[in-house]
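Notes for the one structure printed next.
The values are calculated or read from the model by the stated rules, or taken from the named source; none is laboratory data. Remember, predicted model here, so these are calculated numbers, not experimental data. We place every Cβ from the backbone using ideal geometry, glycine too, and count neighbours over all the protein chains shown. Side chains included, ligands, DNA and RNA excluded: accessible areas come from the protein's heavy atoms. Shrake-Rupley method; radii C 1.70, N 1.55, O 1.52, S 1.80 Å.
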Amino acid sequence: MIQAVMVISTQAKPRLLKFYNFQAPEKHQDLVRSVFQLLSASPDSVSNFVKGTKMVYKHLATLYFVFVFDSSENELAMLDLIQVFVEILDRCFRNVCELDIVFNFNKLHTILDEMILGGQVIETSSEQVVKSVEEIERLEKQSSTTSFIPKSITERFTR
Amino acid sequence: MASTPAAPAVAPSLVDTLFQRSLNDLVKSLRADRSAAGEAAAVARALSEIHREIRAPDAATKSVALQKLTHLSSLHFAPVGSHPLAFPAIELLASPHLPHKRLAYLAASLSLHPASLSLLPLATHQLHKDLSPSSAGAAHQQHLSALALQLLASPAAAAAPDLPAHLAHDLVPHLARGSPRAIAAAARVIAASPSAAVPVLFKPLAACLASPDPRASTAAAAAFCDLSAPPADATPFLPLALDLYNLLTTSRSNWALIKVLKVFARLAPLEPRLAARIVDPVCQLLTRSSAMSLTFECIRTVLTALPAHDAAVRLAIGKAKEFVAADDDPNLRYLGLLALGMLGPAYASTVNDCRDAIAKSLGDADTNIRQEALHLIMGMVNENNIMDIAGMLISHVAKSDPEFANDILGAVLAACGHNVYEMVVDFDWYVSLLADMARTLHCAQGDEIGRQLVDVGLRVLDARPELVRSARTLLIDPALLGNHFLFPVLSAAAWVSGEYVDLTKDPVELVEALLQPRTSLLPISVRAVYIHAVFKVITWCFSVYVGRLGDSGMAVDVIFDRLAADQTVGSESNVALGSGEEQDIGASTVRKDPFSHESILYMINLIQTTVGPLINCNEVEVQERAHNLIGFVHLVREIQELNKRKVADGDKPSRLEELVKTMRTVFCQELGPVSVNAQMKVATPDGLILNENLVELAGIVSEDDTTPSTSIFFYPCSRHSVDTRDEPAVSIGSSSLSEHRKRHGLFYLQTGKTEDEPNDYPQANDSLPSSSNSSVNDDKLKTAELVFAGKKSTSTKSRPKVVKLDTEDFLSSMMPSANVPKEDPLSGALRDVLLGSDAKALSSQRASDINLEGMLNKTSSNESSSQQIDNLGSHPASRSSSRTSKQQNHDKEKGTNPPESDGKEPRKHRSSGRSGHRQGKHKHREKSSTQPDTIPQAPVIQDFLL
């Protein structure tokens, strides 16, 4: 299974963290820090594996996309999955950049949850995921038109 | 909990609600000041705001607050107590309003904490509701159940055993529909609480494997792959082999195929007939597939699970070689090397065939690839090719960056030194290789090279001439003295040249090298070794010289007159200056014969000018040795002066000879390697109470804290003490040692005793039968003793004899664990945290955390390696016999059930292969446990594929 998905900026700021095995919240920061140190130490244009761990990453623009997994996952398939994830982000945000990710905490989780559930990959087709995410947004809009809620919340889901 | 609305004092005003900051506002405020302090302040401000808002009776305000809190705790590591977050999240789960509900589910799945588990059961009802069909629209309902499944599969829920147990039945209809979400969630639920979930969920899940919907079958394959992952036993999944086989032959999904292959790789060792069945489809996939991930999985499956199928292995190796040769993709090159590394030793020759390709990878730009290539190459080393490989690797050192260069050097040193130089046949080659290694550009392996130089000298008699030659080249190179990494090597070289001085060609040159001005750059411990080496050289030269005089019958007086004359000149003029020119002249004339009168004189002068000043050195080691050396030189001269006055001619040569002979005997004894157990073999002398409290010594120890050197050079203590004993006049008067003795005489042995015959302890190199020490105390005496165990030759070839201690068999068996390649502590820690913990129960996890904290002194690499060993140790054990492993597994699946209660069940229901096995699993539902256990036990598992 996939153990964790992380998106970390090149400034060492976490942009998305999702752990599929329980990790004490106190440890999260250390984990991000140690992952970042590993990644920032490795030059570009080399293999996307980190020796000694089951971890693949991709460095795109100002972000590192990191997947940590166990022996039940295939390394190259995980790399493909990162690719799919980035593709989906690109389609959902139209030329995704770091700011999109910073300001769309919930949507990012929605997208990820459409791909991975409990560490298992449930969908690998980017079209399908984009479709599901759009459907969710539609449902939410539907729901929000029926009741009064502050602007700030609707805004969250209409971006 | 203050989250009830009945808290009027802190009830939020309408203003709060209307002007509540949204998450976007929060993110902006966090980005306003990017400094750490600024961010921390913003987080703190936001938290206090959220704590107020989250108590709002209004769901909208509450949900925004919850959203902000989730964001802060997830990405800013805000120290959120679990309760303020958990309660509103669970409260909002019930919201009829979808956005609120989604927020609540996200918050719950991200942030629920074992500490908040008491709250999680509160969510059970809501989850149950969301999972069940309702009146809402189909799309809406599907979305709700997706949310519920998400939470059910989250790590927080997995930690609450009751939750999955109560909800397992709700999953069944979703599984029947073949929803991938439900399948994934079911896998997590089964993993979290096997005892409750397996009876309910295993069968529907297995049915999904045969589902015509490829999404369902893929998800089910992934689920079983996850459930059979190593810490768990794969045996219960054997009955699924047929469905998996169908999937393997018919599925078009690479994801599904990868997962199926992984499961088969785990099942194949358990059922021998399986391998023969799957080898053909796997080979077909291997040749046919264009997806690299699938190809790699096939290679891995063949190499790890089907090693007996030669054709398949060859095919896989061919593919792996293609990977290694993939110029445009470093990932493939890396994985190709990784795959080659999976091959067992039986295929070492096959791997050897790709040596060129692997060697090429040593020059790769990618660290991972280089490391892996090095690892592979070291794996193929044997005694026939070690010279080629080591030579090739050393030539790579010059081209590599410092870090990798040292990895290579370390690997070569480890391989050659393995099990007392087992693989080295030609020690002349090896010794010069060691010297070459020391001279490579980035060499930081000085410690190990130095250790091995000395070790080879001690163990291999035949290697000594070459060793001395190599030591000379190291010592005469002034450039090496500036490199602090090489100090241990130089120290070893100096020791070797001193110890085996009789093999040296030119002692004068050696003394010059040892006393060259740049030696002032050396650290104290090494300088001490240098000075001591000079002592040995000069002693030896003298003994040869005196011996020759005796042979030729030449008058000794002449030399001594001249020695004395020189000394008076030396003492009248400045000792240090008087010899500059003389030395140059001397050096040129002396070269021809190192044992001529001139050379001896030249050396003595050189010693006096260079070592003389060191008598005042602050460092005791250097000071003491300088004293020894200068003392010896004085002694040689003083004898002559005394004799001159007495005019007792007959006395002179004999006294000189006696002196030289004594000194020579001090050094001529052979040294051997020291067993680590040597101390235990030393008998405790009478009257020494080892258990005596030594607290009084603490004061003294702290006063002059001269930690004894642990380097091998100072092992021969007895000899050391002999040195000082021979020149009592030289240093005792003023040395701090005598001061110390005066003040703390209590702790010294009787002086009379020490100046008697060397000691009561066994001589170095005396082989001490351990039987005589059978009564040795548990406590050890602090004396190093050399135990020279029976010499063993490990090779029948013309290989020189290598001294090997008996105990080293034991030692070398321990070596591999010590030589486990050092793991990056970060990645080690990462793996510990992320990967190592999934199999453990939470409680034990916490316990082990505490343990780890307690052991913080240890290095993290040690921890991880020991954990690895633990894992390795436990895994084979679980397979030791199929019956116990089944039982264990069953126990595991039953989770909390006491083992004795269901210890017999697996056997009971194991009778008829597939169906019987399933019955065993679903006994609660199928009531099969009520059947009498009349069916005999057939240990043979039937061929599931038939």
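For B:ASP280 and B:ARG314, compute 0.36 nm times the residue count separating them, minus their Cα-Cα distance, and round to one decimal in nm.
Gain in length upon complete extension: 10.9 nm.
Can you list the DSSP H helices in chain A whose Cα atoms extend at least 20 Å along the helix axis and whose mean Kyte-Doolittle hydropathy is 0.0 or higher?
Numbers: long enough: A:25-41 (25 Å, -0.26); A:75-93 (27 Å, 1.18); A:126-145 (29 Å, -0.99).
For chain A, where a helix must reach 20 Å along its axis and average at least 0.0, the hits are A:75-93.
Taking R0 as 35 Å, what's the FRET efficiency between B:ASN677 and B:ASP388 from their Cβ-Cβ distance, rounded to 0.05?
0.40
For segment B:122-223, with every protein chain kept in place, what is the accessible area per residue (1.4 Å probe, Å²)?
In whole numbers, segment B:122-223 has 33 Å² accessible per residue.
Measure off, as a whole percent, the carbon and sulfur share of the 1.4 Å-probe accessible area of segment A:1-140, all protein chains present. Let's see the in-between values first.
Values: 2250 of 4590 Å².
Its accessible area is 49 percent carbon and sulfur atoms.
Taking 7 Å along the Cα-to-C-beta vector as the label spot, tell me the A:SER9-B:LYS129 distance in nanometres, rounded to one decimal.
Calculated label separation equals 4.0 nm.
PRE reach from B:GLN141 (point 7 Å along Cα→Cβ): which of segment A:107-140 fall under 19 Å by backbone N?
It comes to A:136, A:139-140, nothing else.
Report the one residue of A:SER47, A:THR124, A:PHE93 whose Cα lies farthest in the direction of the positive end of the charge dipole of segment A:21-127 (charges on C-beta: Lys and Arg +1, Asp and Glu -1; origin at the Cα centre).
A:SER47
Over 19 Å between Cα atoms: which of A:LYS58/B:LYS321; A:LYS27/B:LYS259; B:LYS319/B:LYS399; A:LYS107/B:LYS28; B:LYS505/B:LYS804 fall into that group?
Pairs exceeding 19 Å: A:LYS58/B:LYS321; A:LYS27/B:LYS259; B:LYS319/B:LYS399; B:LYS505/B:LYS804.
Once the piece of chain linking B:SER29 and B:VAL620 is laid out straight, how much longer is it, given 0.36 nm per residue of separation minus the C-alpha distance between them?
Contour length minus Cα-Cα distance gives 206.4 nm.
As an exercise, use a Förster radius of 25 Å and the Cβ-Cβ distance of B:ALA40 and A:LEU99 to find the FRET efficiency, rounded to the nearest 0.05.
On the way: r = 22 Å, r/R0 = 0.89.
Computed FRET efficiency for B:ALA40 and A:LEU99 comes out at 0.65.
Give the accessible area for B:LYS360 in Å² (nearest 10); use a 1.4 Å probe, count only protein heavy atoms, and leave out ligands, DNA and RNA.
150 Å²
Just counting partner chain Cβ atoms within 10 Å, what average do the residues of peptide A:122-134 show around their Cβ?
2
My understanding is that a pair violates if its Cα-Cα distance is over 26 Å; which of A:LYS54/B:LYS129; A:LYS13/A:LYS54; B:LYS129/B:LYS262 do that in this structure?
Correct reply: A:LYS54/B:LYS129; B:LYS129/B:LYS262.
Give me the accessible area buried between chains A and B, both sides summed, with a 1.4 Å probe, in Å² rounded to the nearest 100. Walk me through the numbers before you get to the answer.
Working: alone 9330 and 46590 Å², together 48910 Å².
That pair of chains buries around 7000 Å² in total.
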